[in-house]
Amino acid sequence: MWGLVVASLLPFVGAALLPFLSKSRGDNCGWIASGFIVASFAAVAISTPAVLHQPGAIAFEWVPSLGLQFSIAADGLSLAFAFLITGVGSIVFTFAAAYLGPEENRRRFFCYLLIFAGAMLGVVFAANLISMFVFWELTSVSSFLLIGFWHERDASRGGALKALVITAGGGLAMLVGFILIGSIVGSYEIADIMAAREQIAAHRWATAAAMLIMLGAITKSAQFPFHSWLPSAMEAPTPVSAYLHAATMVKAGLYLVARMGPVLSLIPIWTPTLTVLGIVTMTWGSFLALRQTDLKALLAFSTISQLGLIMAMFAQNTASAATAGVFHMLNHGLFKGALFLMVGVIEHEAHTRDLTKLASLRSNMPRLFAVLVLASLSMAGIPPMGGFISKELFLEEVLQMPWPLTVIAVLGACLTVGYCLVLAIGLGLTHQDEAERKHAHDAPTALLWGPAVLVFGALLLGLVPTFLAGGLIESAAAAAIGGHVPHPHLTMFHLSPTLIVSVAAISAGAAVFRFGWMRRTPDAPKLVADRVYEAWLTGLEHNAQRLTASYMSGLLWRYVTIIVCVGIISMSALAVFVGFDASAPWGARPAQTFEYVVALIPIAAAIGAVVAPTRLAAILALGASGFSLALLFSLVGAPDLALTQIMVETVSVALFLSAFVHLPAYRKLKPRKFQPLYAAVSIAFGVGVTALLHHARGQRVGGTIADYFVENSVEKAGGHNIVNVILVDFRGLDTLGEISVLGIAALTCYALIKLRPERKRP
Amino acid sequence: MDVPILLVIAVTLTCGMYMVLERTLLRVVIGLGLMSNGVNLMLLASGGLGAGTAPILHGQRDYGASPVDPLPQALILTAIVIGFGVTALLLTLAYRTYQSVGSDDLGELDGKLTDE
């Protein structure tokens, strides 16, 4: 188990160390990063026998107060994905080291790539739904950064944004689903959830939780109708497309379906919905793949299609279907990774990936063409490649489905053969002229050996599947259905109805290629899903702008009105729900008549300030309010406050008077009108705050900290006036701070008056 | 004594807010001054007004018959002084704004300062 902990940590460590280990220009980054990922692969490989024998788990405390722990668990399913992540990763990293030009920022590239690899391992080894979600979103973020690697291109940024919006949005839906499950079970540990699956299925939130988690899975795995982000993600550098968008990240959704399958397939809506979505995605994706002229777009749609196939298999939650799913997933990781890398090589050498412009690869790049044909055969499901066996297993499952699904799936299989033939034959046969032949040269070995190794793996999976991966597939399928799975008998040679369907599909596919592709339209049509996404995005932007503009008026009084109204409404709501407490005493003694009379002075002064016709009158009214406040202070036993208030008020009236000389008279232009709306807001504010104050006075709990000051004033500070002692002794530092604030204010005033930029008079 | 004080608070805050909601810069500053008066009274009232004996000790701990909470008074004293600082700064800003823009109408200020 500890080997797997090391394997998951290595990429993160590598990403952190990369800037320090690499040379100044980052030339050797690729090889250092490859070293980390190969080491990770080795750690996974070493741990495999022990884990297959006995799945295990390790837990660390993470946020104990929330009951969260960081736990790692490993079984066959995790390992199957981990092999793809680190194995295909090793190839892709070394390929990218040779592929990226010297002018690219390799350090950034490999840093992102390592973070992605670590996050992906985190997803598959997480034994806790919350930590799985964290890593899940980390893969979305690193995918965003990698798709947008060439950030100076518009299309890259758009594709990166689209991928992030769709996958991270789905991830958030998934989080809500996780939280629903967690609140049903009372734990986020996957092991606890497995144990409580009957309880979950019987709960009334079960369907909602299943739908939300499904949303996470189908957005991540680019299933219909969320498939449109994957073709746009092809703006990424080709190694990224091979790694994230073919071999690993898009399979996270499959992993989720497989991992949660034993629990969620008990909920009736799960299996039918996912099966239909998967089959529809498979056929629709392969149909669209046939219509592409860009090689990478063709591969993107074929990936969508293949993911649909695997999704449909994992959704069944039966032993045979899960076996088919795991096996095809391994196959797909190998051949699709290889295909993407080879498209990268083709683009590198021929400077185009347009199918209509590419010259004959058979004569120009014979070695590359051979590898390409083998990979395409595996995708088409033609012997002797591994894809043949997995396609047979798939057809076997499909033949047991309701007949409309069978028809759609077989159609999808035919179309798949069709677009594979485009790759295998179409590229080999196209016409070329003599000028191109001179320029063309075969791919360099440094770029070719990676895809070749992957395709060799796919070939071995076809020739000796049981020997190579039997144990792994058995264990993975068992984990995916949460039960026992018989040891798979994967063999090339068999006689069954599926073989007939297979042969028929291959022949029909050949016909599709011959009569369909040869006459296809040159321009790929725009996806409906893309149009919906773009309309949504522009609509969102437009409406957000309008909404913001409607309240960001730049007018002070509107802002204040909004703030005050929100405050009043929320406090009123609180008063309704919590209840208003008017029981506070109205003072230690009843007010005397002369006190009412005294209180009339500040009231009259405040009203006078509002209605004053001139500036001078308003300033004097404000002064009257301040001085009468001093009178009130002296009446309630606050002589210090009264003295301070008198001093400050004197100075501020003087200040106002000196300032108003420089300010214009009140609206010389027109007399101010009474504003009923603002008056209402002001009254609501004044009354509301006073009511809040009265409510608060009834809520005192415990004693007052003033007792401490009363006790110690003479003894510790040697002063009898407690207010003074608090200010200059107990809270002396606060007073120092206050003096500093005044000093800063004074300096600012001076600067505002004296300093001004030199202005050029025209 | 609490009822008149609460009345003063309500009226002062209402008038202060009404002036803050106006367009003339000087009136907004005056409104803020009124509001800070009202808030100072609020602080005092929140502590409970007692019988009006000043928090001054006569003996070691002898505090008279009906003590007044000294803590809000210390807070208000700070608030009065800081309020003065704020008023001074606002007035200077108003003066400087009028000098630069030539208007004290808040409705006309939007966007003008950036063009300067």
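For peptide A:620-633, how many partner chain Cβ atoms fall within 10 Å of a residue's Cβ, on average?
Numbers: counts 0, 3, 10, 1, 0, 10, 8, 0, 2, 8, 1, 0, 9, 6.
Other-chain Cβ atoms within 10 Å of each residue's Cβ, averaged: 4.
I'd like the carbon and sulfur percentage of the solvent accessible area for the stretch A:225-276, probe radius 1.4 Å, heavy atoms only, ligands and nucleic acids excluded. Show your work: numbers first, answer last.
Details: 590 of 810 Å².
In the stretch A:225-276, the share of accessible area belonging to carbon and sulfur is 74 percent.
If A:62, A:403 are ordered by their accessible area, calculated over protein heavy atoms with a 1.4 Å probe, which sequence runs from highest to lowest?
Details: A:62 105, A:403 190 Å².
Highest to lowest solvent-accessible surface, that is A:403, A:62.
Work out the mean other chain Cβ neighbour count within 10 Å for the residues of A:739-751 and drop it here as an integer. Don't skip to the answer; put the middle values down first.
Working: counts 1, 0, 5, 5, 1, 2, 9, 4, 0, 5, 9, 1, 2.
That average works out to 3.
Kindly identify residues of the stretch A:719-733 having a loss of at least 40 Å² in accessible area between the isolated chain and the assembly of all protein chains, probe radius 1.4 Å.
In the stretch A:719-733, residues shielded by partner chains: A:720, A:722, A:723, A:726, A:727.
Considering the alpha-carbon set of the stretch A:555-704 alone, what are its Rg and its Dmax in angstrom?
Here Rg and the maximum Cα pair distance are 18.9, 57 Å.
Per residue and in Å³, how big is the convex hull formed by the alpha-carbon atoms of the stretch A:705-762? Show your work: numbers first, answer last.
Working: hull volume 5.4 nm³, N = 58.
Hull volume over Cα atoms, normalised by residue count, gives 92 Å³.
Across the residues of B:31-43, average count of Cβ atoms on other protein chains within 10 Å? Display every interim value, and only then the final one.
Numbers: counts 7, 1, 10, 9, 4, 1, 11, 7, 1, 6, 6, 5, 1.
The mean count of partner-chain Cβ atoms within 10 Å per residue comes to 5.
Given the C-alpha centroids of the stretch B:79-111 and the stretch A:49-96, what is the distance between them in whole angstrom?
Result: 62 Å between the Cα centres.
Taking only the C-alpha atoms, wrap a convex hull around the stretch A:10-100 and report its volume per residue in Å³ as a whole number. Write down the numbers at each step before the final one.
On the way: hull volume 10.6 nm³, N = 91.
So the per-residue Cα hull volume is 117 Å³.
Name the residues of the stretch A:673-708 whose amide N is less than 17 Å from a point 7 angstrom out from the Cα of residue A:617 along the C-beta direction?
Residues passing the 17 Å test: A:673-675.
For the stretch A:574-635, taking Cα atoms only, what is the radius of gyration to one decimal and the Dmax to the nearest whole Å?
Here Rg and the maximum Cα pair distance are 16.4, 46 Å.
Given the pairs A:162/A:220; A:251/A:296; A:220/A:296; A:220/A:357; A:220/A:391, which span a C-alpha to C-alpha distance of over 21 angstrom in this model?
Working: A:162/A:220 12 Å; A:251/A:296 18 Å; A:220/A:296 19 Å; A:220/A:357 33 Å; A:220/A:391 23 Å.
Over 21 Å Cα-Cα: A:220/A:357; A:220/A:391.
Could you provide, to the nearest whole Å², the per residue accessible area of the protein assembly as shown with probe 1.4 Å? If you can, show how the numbers build up before the last one.
Details: 36800 Å² over 878 residues.
So the protein assembly as shown comes to 42 Å² accessible per residue, rounded to a whole number.
Before rounding to the nearest 500, sum -39500 (n - 2.57) across all DSSP H runs of length at least 4 in chain A and divide by the residue total; then give [θ] at 222 nm in deg cm²/dmol. Intermediate values should be presented prior to the final figure.
Numbers: 33 runs with 532 residues, N = 762.
It lands at -23000 deg cm²/dmol.
For chains A and B, what's the summed buried accessible area, probe 1.4 Å, to the nearest 100 square angstrom?
Values: alone 37130 and 8100 Å², together 36800 Å².
Approximately 8400 Å² gets buried when A meets B.
Going by accessible area, probe 1.4 Å, with all protein chains left in place, what is the ranking of A:392, A:189, largest first? Write down the numbers at each step before the final one.
Values: A:392 5, A:189 30 Å².
Largest to smallest exposure gives the sequence A:189, A:392.
If you roll a 1.4 angstrom probe over the protein chains with everything in place, what fraction of the accessible area of the stretch A:555-704 belongs to carbon and sulfur, to the nearest %? Display every interim value, and only then the final one.
Details: 6210 of 8140 Å².
Looking at the stretch A:555-704 in its full context, I get 76 percent from C and S.
Across every pair of different alpha-carbon atoms, what Kirkwood hydrodynamic radius in Å does the stretch A:278-518 reach?
Working: mean 1/r = 0.0555 Å⁻¹.
Value: 18.0 Å, from the Cα pair sum.
Can you list the equivalent-ellipsoid semi-axes of chain A, largest first and in whole Å, using the square root of 5 times each Cα gyration tensor eigenvalue?
On the way: eigenvalues 987, 206, 143 Å².
Taking √(5λ) for each eigenvalue gives 70, 32, 27 Å, largest first.
Going highest first, how would you order A:268-281, A:344-357 by mean Cβ packing within 10 Å?
Details: A:268-281: 20.5, A:344-357: 17.6.
Final packing ranking: A:268-281, A:344-357.
I need the peptides A:210-219, A:534-543, A:459-468 ranked by packing, meaning the mean over residues of other C-beta atoms within 10 angstrom, with the highest value on top.
A:210-219, A:459-468, A:534-543
The values are calculated or read from the model by the stated rules, or taken from the named source; none is laboratory data. Fair warning: this is a prediction, and the values are worked out from it, not measured in the lab. When we count neighbours, we look across all protein chains shown, and the Cβ atoms used for this are built from the backbone with ideal geometry, even at glycine. In case anyone asks, the SASA skips ligands and DNA or RNA and just uses the protein heavy atoms, side chains included. Shrake-Rupley method; radii C 1.70, N 1.55, O 1.52, S 1.80 Å.
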